[in-house]
Structure formats: C-alpha cells, structure tokens
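Colleague: This is the structure I have questions about; it appears just below.
The values are calculated or read from the model by the stated rules, or taken from the named source; none is laboratory data. Remember, predicted model here, so these are calculated numbers, not experimental data. Positions of Cβ are backbone-derived with ideal geometry, glycine not excepted, and every protein chain shown enters the neighbour counts. The accessibility values were calculated without ligands, DNA or RNA, using every heavy atom of the protein model including side chains. Shrake-Rupley method; radii C 1.70, N 1.55, O 1.52, S 1.80 Å.
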Amino acid sequence: KTEAERPTSREAAWAALREEAKGCTRCDLHCDATQTVFGEGPLSPSIFFVGEQPGDQEDLAGRPFVGPAGQLFDASLAEAGIERADTYVTNAVKHFKFVLRGKRRIHQSPNAGEISACNRWLGQERDLIRPPLTVALGGTAARALFGKAVTISKLRDEPQMLPDGSTALVTVHPSYLLRLPDEARRAEERARFVEDLKRAKALAA
Ligand code: URA
C-alpha cells in the first residue's frame, strides 16, 4: 500500500472493529446495557485516554465521556490546553454496568473478569493506533493497561512504561473528583488533575 492509502485502510480496520464490538457478548454486561460504547477520535492522536466504562449518559448516547464526568474531563482538558478533538478517548470496558435503584441506574465498578473480557477491544484499538502516549484515568483503566491491579498514588508522579513499551501517565478518574464532598479538597484535587494533563501535553509535544 502507498502512504496515501494507508490511513484509509487503518480507518476501515477501525470501523470494522467498532462494528464487531457492537455485537460483543464476551461478558454479561451486554444483556442490560443499551449499546457498546466504542472509543472515538483521530487514529493518530496526541494522547490516548482510557476511562473506566460508559456511564448512564454515555450508554444512551453511544459516545464516551459525554455525561457529568465527561463535562469535567472536557473542562480540565481545556484548562490544560489540550484539544479533545486531537485525542482518542476510550474506556477499559465498553458496556455500562449498573444496578437499578428505583428508576435510577447506579454505576457499578466492573470486575476483573469483565475488564479482561473487554481487553480484546482495548488491545485492538491500541494495536491499530499505537499511541506513543496513553493516559489512564483511574484504577480500572490502569489495571486494563498494565494487566494487573496497580496503586494510582504510587504510579502517578512519573511516566510509566506499558507492557507494549509505550509511555503512560496514570491519574485519577474525573468521577473521583465529582464524588469528593469537601469543596476545598475537590478544588485541590481538580488542580492536580489539570497538572497531570499538562504533563501529558508536554510529553506528547
Ligand atoms: N466514565 C468513564 O470512565 N467513561 C465514560 O465514558 C464516562 C464516564
């Protein structure tokens, strides 16, 4: 293939992968979720972000990070001077996991089996995109990327090497910031999150 043809074929391979993921039944989460929420963004992104799993709004919209956590993520990216349109955003787990409480669908963390079942999709997204820099948003993303449970606070301050040899930064999940009850602490943690994103931007440059 010529250079000019190559991007198109990568896009076709990505679109085929996304189609295939729509029918995924590798774990039980497809039973109750509305749809598979696949990653989105350019196939040569500045940064490859990995979240946990779609939330209520993402499940309905079919797009990652569009609900409350997504809004905080977008605002933090803007503060760090990162264009979301230059980044690829995906999740470790592609179906929403929840329990019903009345009419509300309450988020449940995916378990190790669900993360591992879904790794096929994340792995193939990464094989196609081969991102030089990945940012893991929270413990589930880090677990999926490193292939084992890790402690965010231990890995947070230094760039890490992933099993594929590429570089990753590990930071908190934006939902963690939303859940902090104390306003001052939330502002502090939010500023630290933005600093992590700035570090990612500097590494990606
Ligand atoms: N939280 C995530 O981890 N991913 C989303 O897409 C939305 C919320």
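Colleague: Could you please find all residues in the range 21-53 being within 8 Å of the ligand (Cβ to nearest atom) and farther than 21 Å from Phe146 by Cβ?
Modeller: Pass one, the range 21-53, residues within 8 Å of the ligand (Cβ to nearest atom): 37, 51-53.
The answer is Val37, and nothing else.
Colleague: Hey, among Ala21, Ala12, Ala16, which residue is aliphatic (A, V, I, L, M), in contact (Cβ under 8 Å) with a residue 40 or more places away in the chain and assigned to a helix (DSSP H, G or I)? Spell out the reasoning first.
Modeller: On the way: Ala12 fails: in contact (Cβ under 8 Å) with a residue 40 or more places away in the chain; Ala16 fails: in contact (Cβ under 8 Å) with a residue 40 or more places away in the chain.
Among Ala21, Ala12, Ala16, only Ala21 is aliphatic (A, V, I, L, M), in contact (Cβ under 8 Å) with a residue 40 or more places away in the chain and assigned to a helix (DSSP H, G or I).
Colleague: Based on what the data block shows, is Ala142 surrounded by 15 or more Cβ atoms within 10 Å (Cβ to Cβ) and either at pLDDT below 95 or in contact with a Ser or Thr (Cβ under 6 Å, 6 or more places away or on another chain) (or both)?
Modeller: In short, no.
Colleague: Something else: Just to be sure I understand the filter: pairs with C-beta atoms under 7 Å, separated by 6 or more residues or on different chains, first member in the range 54-72 and more than 8 Å from the ligand (Cβ to nearest atom) and of a type in the set (Gly, Ala, Ser), second member modelled with pLDDT of 95 or more and assigned to a helix (DSSP H, G or I). Which pairs pass?
Modeller: Sorted first by the residue in the range 54-72, then by its partner, the list stays empty.
Colleague: Mind checking which residues of the range 82-99 are open to solvent by 40 Å² or more (accessible area, probe 1.4 Å), away from the ligand (no atom under 13 Å from the Cβ) and under 21 Å from Ala191 (Cα atoms)?
Modeller: Result: Glu83, single match.
Colleague: Out of Pro159, Pro163, I need the residue that is open to solvent by 70 Å² or more (accessible area, probe 1.4 Å) and more than 21 Å from Ala69 (Cβ to Cβ). Which one? Break it down stepwise before answering.
Modeller: Values: Pro159 fails: open to solvent by 70 Å² or more (accessible area, probe 1.4 Å).
That would be Pro163, the only listed residue that is open to solvent by 70 Å² or more (accessible area, probe 1.4 Å) and more than 21 Å from Ala69 (Cβ to Cβ).
Colleague: All but one of (1) out of contact with any Leu (no Cβ under 6 Å at 6 or more places or on another chain); (2) in a helix (DSSP H, G or I); (3) not hydroxyl-bearing (Ser, Thr, Tyr) hold for Gln124, so report the exception by its number.
Modeller: (1)
Colleague: Considering only the range 145-156, how many residues are within 15 Å of Ala117 (Cα to Cα) and touching a Gly at 6+ places or on another chain (Cβ under 9 Å)?
Modeller: Number of matching residues: 0.
Colleague: Across the range 127-139, which residue is nearest to the ligand (Cβ to nearest atom) among those that are in a helix (DSSP H, G or I) and open to solvent by 30 Å² or more (accessible area, probe 1.4 Å)?
Modeller: This residue is Gly139.
Colleague: Just wondering, is there one or more residues in the range 6-20 that are at pLDDT 95 or above, within 16 Å of the ligand (Cβ to nearest atom) and open to solvent by less than 20 Å² (accessible area, probe 1.4 Å)?
Modeller: Scanning the range 6-20 turns up no residue that is at pLDDT 95 or above, within 16 Å of the ligand (Cβ to nearest atom) and open to solvent by less than 20 Å² (accessible area, probe 1.4 Å).
Colleague: Something else now. Of Gly113, Gly102, which residue is exposed (fewer than 13 other Cβ atoms within 10 Å of the Cβ), more than 22 Å from Phe48 (Cα to Cα) and free of Cβ contacts under 8 Å to residues at least 60 places away in the same chain? Step through it out loud before you land on a result.
Modeller: On the way: Gly113 fails: free of Cβ contacts under 8 Å to residues at least 60 places away in the same chain.
After ruling out the rest, the residue left standing is Gly102.
Colleague: Can you tell me which residues in the range 155-178 are part of a helix (DSSP H, G or I) and within 12 Å of the ligand (Cβ to nearest atom)?
Modeller: Hits for the range 155-178 are Pro174, Ser175, Tyr176, Leu177, Leu178.
Colleague: On to the next question. With the requirement that a residue be open to solvent by less than 70 Å² (accessible area, probe 1.4 Å) and part of a loop (DSSP other than H, G, I, E, B), what does the range 179-205 give you?
Modeller: Leu180
Colleague: Considering only the range 42-98, state which residues are of a type in the set (D, E, K, R) and within 16 Å of Cys118 (Cβ to Cβ).
Modeller: Correct list: Glu52, Glu58, Asp59, Lys94, Lys97.
Colleague: So if I check each of Cys31, Cys27, which one is modelled with pLDDT of 95 or more, over 27 Å from Leu203 (Cβ atoms), open to solvent by 20 Å² or more (accessible area, probe 1.4 Å) and touching a helix residue (DSSP H, G or I) at 6+ places or on another chain (Cβ under 6 Å)?
Modeller: Exactly one residue qualifies, and that residue is Cys27.
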